[in-house]
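Engineer: One structure, pasted below without further comment.
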């Protein structure tokens, strides 16, 4: 478990129709301010149509500003009072929380150094793939959420780091897949030993953020 000093609190989601999230079994709520949110464990998704698409930014305790092109900001006044207004719950699709936030980069060394300069430090590094196209995964803790940094093991020029997508957790993954039906891929073994995964077909249902759902961590994780 990570250090709560850098707990991920909120993700701003752009370019969305909240009805698309609802159709995939996520409970979307409206705050008194009129803003639409979705609570995933300790993290609130704030839907903001003024952003074009995907994950536009993150709010993390102890972090602010632009970190290697990744936008980290504070909770806005209009949502700060509502961020804990709704307790974590099981969504109709069975999802309970975020397992990890995926960031892609063309330069793993550069982005890792920028994140570590902000105070969070890598906990594990993994490489995979052929020598000619080897990839690297670097893992950081943002409280109870993992930040997974993915990119080529050998840095490439002229590429920014971006918030790419989310891996979520369901306590009963097969039930989640049954609920989603044709809106997700068949359940299959995940890279992590003992876990399984399905990918939500976000493009087909109008969600601009890549989403996967996984079974819970095993005791050996």
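Engineer: From largest to smallest, what semi-axes in whole angstrom does the range 4-80 give when each is the square root of 5 times an eigenvalue of its alpha carbon gyration tensor?
Structural biologist: 21, 14, 12
Engineer: Label points 7 Å out from Cα along the Cβ direction at residue 29 and residue 74: separation in nm?
Structural biologist: Roughly 2.4 nm, to one decimal.
Engineer: Just to be sure I understand: of the beta bridges DSSP finds with both ends in the chain, what percent are antiparallel, rounded to 5?
Structural biologist: Values: 44 of 60 bridges.
Restricted to the chain, the bridges split so that about 75 percent are antiparallel.
Engineer: In the range 87-127, whose amide N lies under 15 Å from the spot 7 Å out along Cα-to-Cβ of residue 139? List them in ranges.
Structural biologist: 99-103, 121-127
Engineer: For residue 196 and residue 89, FRET efficiency with R0 = 25 Å and r from the beta-carbon atoms, rounded to 0.05? Write out the running numbers ahead of the final one.
Structural biologist: Values: r = 23 Å, r/R0 = 0.90.
Given R0 = 25 Å and the Cβ-Cβ separation, E is 0.65.
Engineer: Within 10 Å, count the other beta carbons around each residue, average over each peptide in 95-104, 31-40, and list them highest first.
Structural biologist: Values: 95-104: 21.6, 31-40: 17.0.
Most protected by this proxy first, the peptides run 95-104, 31-40.
Engineer: Using Cβ contacts closer than 10 Å as the measure, can you line up 198, 218 from fewest to most?
Structural biologist: Details: 198 23, 218 10.
So the ranking, lowest neighbour count to highest, is 218, 198.
Engineer: Please work out whether the range 95-214 counts as rounded, prolate or oblate from its C-alpha gyration tensor, where a ≥ b ≥ c are the square roots of the eigenvalues and a/c under 1.5 means rounded, while otherwise a/b larger than b/c means prolate and anything else oblate?
Structural biologist: On the way: a/c = 1.90, a/b = 1.73, b/c = 1.10.
Because a/c hits 1.5 or more and a/b exceeds b/c, the range 95-214 counts as prolate.
Engineer: If I model a spin label at residue 217 and residue 182 as a point 7 Å from the Cα along the Cα→Cβ vector, what separation in nanometres do I get?
Structural biologist: 3.7 nm
Engineer: So how far apart, in nm, are the two label points at residue 175 and residue 128 if each is 7 Å from Cα heading toward Cβ?
Structural biologist: Distance between the two pseudo-spin positions: 2.8 nm.
Read-outs throughout are calculated quantities, based only on the coordinates presented, and are distinct from any laboratory measurement. Small disclaimer: the values here were computed from a predicted structure and weren't measured. Using ideal geometry, Cβ is built from the backbone for each residue, glycine included, and neighbour counts are taken over all protein chains shown.
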